[in-house]
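Asker: Shown below is the structure under consideration.
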Amino acid sequence: MSECVFCKIVNKEIPSEIVYEDDKIIAFKDINPIAPVHVLFIPKNHIASLNDIDNENADVISHIFIKIREMVKELGISDEGYRVVSNCGALGGQTVDHIHFHLIGGRQFQWPPG
Ligand code: 5GP
Ligand code: ZN
């Protein structure tokens, strides 16, 4: 059994507020939201980080971005603007080693981030 917290969410071993699911990906609300909209998009197969994207798994990553695009339209924030973030590795601020894309929106963001 996997020790990865996001694999546990995929396998429904721990609960989450799922907003989208199909056979390849799942999107669920972040447990500690930093904005009115804060959804995490992940592949169901365990991929550790951006460093592990290759030609074999690139399809699921593009699938995630298409779904993010659909979701921002559904949520009505596509014209307002929003941000998609994937933290990679220790210095990048990654705390869960299962690749994920934060969709955050519903407020003003600054650049550069902290
Ligand atoms: P990272 O810091 O790796 O970029 O993002 C990990 C994110 O996962 C954080 O925003 C954190 O709040 C979220 N998170 C960690 N554990 C859980 C969990 O068990 N359930 C949910 N829904 N989110 C989680
Ligand atoms: Zn995992």
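Read the figures in this text as sums done on the coordinates, not as results from a lab. No experiment lies behind these values; they were computed from the predicted model shown. Ideal geometry is used to build each Cβ from the backbone, glycine not excepted, and the neighbour counts take in all protein chains shown.
Asker: For the chain, list the cysteines whose Cβ sits under 4.7 Å from no other cysteine Cβ?
Answerer: For the chain, the answer is CYS88, because their Cβ atoms have no other cysteine Cβ under 4.7 Å.
Asker: Rank SER86, PRO33, LEU50 by how far each Cα sits towards the positive end of the charge dipole of the chain (+1 on Lys, Arg Cβ; -1 on Asp, Glu Cβ) and give me just the farthest.
Answerer: Looking along the dipole axis, the top candidate is PRO33.
Asker: Taking loop as defined by DSSP and a crowding limit of 15 other beta carbons within 10 Å, which GluC sites (Glu not before Pro) in segment 4-64 fit?
Answerer: Working: sites: GLU13, GLU17, GLU21, GLU56; in loops: GLU13, GLU17, GLU56.
Qualifying residues, ordered by number: GLU13, GLU17, GLU56.
Asker: While we're looking at this one, here's another question. Give or take rounding to whole Å, what are the principal axis extents of the alpha carbon atoms in segment 35-114, in descending order?
Answerer: 34, 28, 16
Asker: Take the alpha carbon atoms of segment 67-90, find their center, do the same for segment 24-54, and report the distance between the two centers in whole angstrom.
Answerer: Segment 67-90 and segment 24-54 have Cα centres separated by 11 Å.
Asker: Now, a different point. When the Karplus curve 6.51 cos²θ - 1.76 cosθ + 1.60 is applied with θ = phi - 60°, which whole-Hz ³J(HN,Hα) does each residue of segment 24-41 get, with x for Gly and Pro?
Answerer: These are the phi-based 3J(HN,Hα) values: 10, 9, 9, 10, 9, 6, 5, 5, 10, x, 9, 7, x, 10, 8, 10, 9, 9 Hz.
Asker: Sticking with this structure for a sec: Helix 58-75 sits at what angle to the longest principal axis of the chain, using alpha carbons and giving 0 to 90 degrees rounded to 10?
Answerer: Orientation of helix 58-75: about 40 degrees from the principal axis.
Asker: List, in order, the whole-Hz ³J(HN,Hα) value for each residue of segment 2-10 obtained from phi through the Karplus relation with A = 6.51, B = -1.76, C = 1.60 and θ = phi - 60°; use x for Gly and Pro.
Answerer: After applying 6.51 cos²θ - 1.76 cosθ + 1.60, I find 6, 8, 6, 4, 6, 4, 5, 5, 4 Hz.
Asker: To continue, here is another question. Using the Cα centre as the reference, give the magnitude of the dipole from point charges on the C-beta atoms of segment 33-103 (Lys, Arg: +1; Asp, Glu: -1; all else neutral), rounded to the nearest 20 debye.
Answerer: Working: 5 positive and 9 negative charges, 36 e Å.
It comes to approximately 180 debye.
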